[in-house]
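Read the structure below first, then the notes.
The values are calculated or read from the model by the stated rules, or taken from the named source; none is laboratory data. Keep in mind the model is a prediction, meaning the values are calculated, not measured. FYI the Cβ positions are ideal-geometry reconstructions off the backbone, even for glycines, and counts take in every protein chain you see.
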């Protein structure tokens, strides 16, 4: 990395303002001047010694006391060299504008829209700079600025606790939407040609039986072919990032459960790892094993859910019930482990909350014995079925270059042939101590992604079995009294533990003043948390890099040219959960 | 030969028949996994995170000392505690008022983790659907009543046994009594 | 009583009996589908209403009856109400020519009564096909009259699908007609008597196996069932052409779909599987000596065959995913149609070479 930094500094002497190399956390961040962003970004994207072709995230931080108030952070990742870089640029408050990098990384489109929506920074050269998570006509300001209250502003944030039933109903609205509102959804600008094609604007959602969550997609159709598909996000936006700025680090864990609620503990794991990276604590071995086992169980749970809903959408409803049968077994095990089934709040900073009993280990082993036949059963219904093949082969194809440019990760990226799995590249947990393989597809179509997820389930079963065999004894939570509350029995007995317990629960743990980005391989893709800490008990900025949001950016590209029936297949193959997409 | 076989499989819809055999075998070896709720209910484990409850000692006094740790630990600001001195015992405190807004509760269990005296517990009750949201704003009496229902076995109150030590409910049998 | 009014009374009685049985079957089918599907999916289906959920269809019927009558804004009310009727009536009217039992005749006050077929017209199967085509009108009208883009799309797709596969149904049956030499279902069924080797599915000189397969697939497509149920695919166009229908109108569409299923199964049983004939020559009751009750056994065999087909419909629904619209049309026109035509050619040649 050092030679690259030196090249950067020699080539762009006036652009690079400072370089911080955080050796403890193995991160490098470069501060550059905002007006030189495009040249530096293009160099980093194209230069053969850099090749940062994968844009993980674009985020923004608000420092109201500084003259250059907003900081735009670009989290870059290089797939050929497997390394990360952070680019930071500051823009002042009176002119919060910076050049858009959508010409370099296509995935920047949605990410920059979110930065505009949340922080008010405009990106010049962006093809379609509108609000994305907030409603289109939101005029109360920009939510993630520090002067915006967490309770919200305006009429949308004031509602009666007990709804009034004596109000008059709303008057009839027009059934036809005015033409200017339709502009955003049309593929080309106002029809100037003399021959006007009759296009149909079809609105799917937000209430629809098969958009996975509340998602609205406006389709411009030519007959049955899709000319443009515009997703409209934000129906499930709950402001988790803003809320987190007012919560202590430990209190944020239950909120992360609600992001990707299908496999909740994967989000817990991603967040907890980010905080531990910030704090620099090491986890005891038993806790690492348990975390890996539970994360892989969640991967199976998430993929079973995906398989059921994808099959249900395509019509094979039996597979849905059979996968949920398996899911029930796993959820019962989770219930035995931590008391909840869906929103588990199991991981803690420094370890996990409760231990694996031998009875639970036995139950898990029994489950693993029967699991391969069940997977074979699902396959018998669909894998070689000609109707399924007809519905999934060569549907929603995305090439490797496009997938990388859009920032896709997880099974979407692997389906196109790029062998990138964070568990192998930046190993965490005990993934480097067990043997397993990463399935990689070829064509980038729906069938390949289906096959990859089925194979990942089998590999997860393999990982869990090896971890169960290797499970060592030991503590399940680290021993770092200033960050981690001591066990309850000690709290009742000795004064020091009592003091630590009180301080951690009332004031919260205080990490050092630093920032870090930590990526984890969630079942949907790369789930990353970018935490900026100012030394206080509450994070200064918490940005959640959610895979579903980034994949929605590639939705339009993937959907063009296919039929309406394929839209549902495309939703399913991207494995989008709106909780994570909208946060 | 394999091509002939593949062609044959295509015209007799072989893989569709394999799938149909799988569904038929489910029909013939019928093993439903449905639980006929509400006629049958599942057995919930002991650490199930159901409705919250306030606990008592075996002599009937409340465990809660009004320290507000649960209020501070809650991620959703569900709990509101008004603590006061126990009338007549100036070194002891209790919670005069204790409100939990269960419409906002996440059932995450962090309040239970935070409580230093184990005054909070999570029961196995989950059937709390109400017609009026105000019925889900529980006060101390209601929470204690839930606790009485679900936790019949109460912890022994040890601290009163040693008058010199007003600490948490830990046996101080090894500490000699101070002369009066 | 005049002869006319007597014949009218007899016909009405027959119609009432057949309609009663058909409606009862439709009601049972709604429950049976959910139960059978449930059993295949490791669950129980409806269990609450009545013991093991037996009274569920009554609950469903009552619910639909009491639902609010909603007509979407901007919809043509007359067409909106006409569409379900246009869909349901052709399905029910087809039962007029299906023979449920042997053609025993008896005299009643001077007129001959054929109790097991309402009306043995000599163009039996053509009558059924003609009325099935009118069913397509109901679908198109339903989709258009709802004043909704989704419904319109669904209606158009469904109508195109029904028309394409109707053609295949017609062509698949031509082989049987050549072998039987008559359009009347009564005569076709009688020609298959004597044992299962006489059934047209197996009958020499030209066993109609391929025609049978084409017929089954086209029948599934014509009744909008999985794997061809794209028009009413829940996950795509919500419910296609009957998205906007609720209450009794929805009930009519529903009845139309199930009645179509029953009709198609009865026709398949009659044309390919020997109708009311048992797989062995004669009937057991005849051999035992209760010859005058042999019709009961025949009716039982017909019912068994029809119900086997209906089970096949449910089985396919549980197993297969849905075909996309273009794949559906491609399959119907490029695969099914040539096979049906080929079958006609082969059958004609066989009948020419081996006349009976």
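In region C:69-113, the residue that is nearest to the chain's Cα centre (by Cα) out of those that are in a loop (DSSP other than H, G, I, E, B) and free of Cβ contacts under 8 Å to residues at least 12 places away in the same chain is C:105. Among residues belonging to region B:1-35 that are in a loop (DSSP other than H, G, I, E, B) and at the interface with another protein chain (Cβ under 7 Å from one of its Cβ atoms), point out the one that is farthest from residue A:335 (Cα to Cα). If we take residues in region B:1-35 being in a loop (DSSP other than H, G, I, E, B) and at the interface with another protein chain (Cβ under 7 Å from one of its Cβ atoms), then B:30 is farthest from residue A:335 (Cα to Cα). Is it the case that residue A:153 is surrounded by 14 or more Cβ atoms within 10 Å (Cβ to Cβ) and within 26 Å of residue A:519 (Cα to Cα)? No.
Can you tell me which of B:14, B:48, B:98, B:30 is more than 23 Å from residue A:343 (Cβ to Cβ) and in contact with a strand residue (DSSP E or B) (Cβ under 9 Å, 6 or more places away or on another chain)?
Details: B:14 fails: in contact with a strand residue (DSSP E or B) (Cβ under 9 Å, 6 or more places away or on another chain); B:48 fails: more than 23 Å from residue A:343 (Cβ to Cβ); B:30 fails: in contact with a strand residue (DSSP E or B) (Cβ under 9 Å, 6 or more places away or on another chain).
Step by step, each of B:14, B:48, B:98, B:30 is checked, and only B:98 is more than 23 Å from residue A:343 (Cβ to Cβ) and in contact with a strand residue (DSSP E or B) (Cβ under 9 Å, 6 or more places away or on another chain).
Screening the candidates A:509, A:498 for the property of being more than 30 Å from residue A:391 (Cβ to Cβ), within 14 Å of another protein chain (Cβ to nearest Cβ) and in a helix (DSSP H, G or I) yields one hit, A:498. Taken over region C:292-321, the criterion of being within 14 Å of chain A (Cβ to nearest Cβ) and either closer than 13 Å to residue C:270 by Cα or part of a helix (DSSP H, G or I) (or both) is satisfied by C:314, C:315, C:316, C:317, C:318, C:319. Listed by position, the helices (runs of 4 or more DSSP H) inside region A:249-331 whose residues that are more than 19 Å from the chain's Cα centre (by Cα) and under 28 Å from residue C:45 (Cα atoms) number at least 2 are A:285-314. Checking A:418, A:412 one by one, the residue that is in a loop (DSSP other than H, G, I, E, B), under 21 Å from the mean Cα position of the chain (by Cα) and either in contact (Cβ under 8 Å) with a residue 24 or more places away in the chain or within 30 Å of residue B:44 (Cα to Cα) (or both) is A:418 and no other.
Of the residues in region B:36-46, at least one is assigned to a loop (DSSP other than H, G, I, E, B), at the interface with chain A (Cβ under 8 Å from one of its Cβ atoms), touching a residue at least 24 places away in the same chain (Cβ under 8 Å) and under 30 Å from residue A:326 (Cβ atoms). Examine region B:88-103 for a residue that is part of a loop (DSSP other than H, G, I, E, B) and at pLDDT below 85, and state whether such a residue exists. Checked against the condition, which is being part of a loop (DSSP other than H, G, I, E, B) and at pLDDT below 85, region B:88-103 yields at least one hit.
Taken over region A:372-395, the criterion of being at the interface with chain B (Cβ under 9 Å from one of its Cβ atoms) and not in a helix (DSSP H, G or I) is satisfied by A:383, A:384, A:385. Could you check, for region A:156-169, whether at least one of its residues is outside any loop (DSSP other than H, G, I, E, B) and modelled with pLDDT of 70 or more? Checked against the condition, which is being outside any loop (DSSP other than H, G, I, E, B) and modelled with pLDDT of 70 or more, region A:156-169 yields at least one hit.
Of the residues A:339, A:350, which is touching a strand residue (DSSP E or B) at 6+ places or on another chain (Cβ under 8 Å) and within 12 Å of chain B (Cβ to nearest Cβ)? I'd like the intermediate steps shown before the answer.
Details: A:350 fails: within 12 Å of chain B (Cβ to nearest Cβ).
None of the other options fit; the residue is A:339.
Of the residues making up region A:333-352, those that are within 22 Å of residue A:365 (Cα to Cα), in a loop (DSSP other than H, G, I, E, B) and in contact (Cβ under 8 Å) with a residue 24 or more places away in the chain are A:342, A:344, A:346.
Table: residues versus (1) surrounded by fewer than 22 Cβ atoms within 10 Å (Cβ to Cβ); (2) free of Cβ contacts under 8 Å to residues at least 40 places away in the same chain; (3) closer than 23 Å to residue A:14 by Cβ.
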residue	(1), (2), (3)
A:90	yes, no, yes
A:97	yes, yes, yes
A:101	no, no, yes
A:104	yes, no, yes
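Only one entry of A:317, A:297 meets the criterion of being on the phi < 0 side of the Ramachandran plot and within 14 Å of chain C (Cβ to nearest Cβ), and that entry is A:317. Taking region A:478-501 as the range and being surrounded by fewer than 19 Cβ atoms within 10 Å (Cβ to Cβ) and over 17 Å from residue A:348 (Cα atoms) as the test, the residues that pass are A:489, A:490, A:492, A:493, A:494, A:495, A:496, A:498, A:499.
Against the test of being without any contact (Cβ under 8 Å) to a residue 60 or more places away in the chain and surrounded by 17 or more Cβ atoms within 10 Å (Cβ to Cβ), the options C:318, C:278 yield a single qualifying residue, C:278.
One residue stands out in region A:556-569 among those that are touching a helix residue (DSSP H, G or I) at 6+ places or on another chain (Cβ under 7 Å) and more than 12 Å from every other protein chain (Cβ to nearest Cβ): the one that is farthest from residue A:529 (Cα to Cα), namely A:559.
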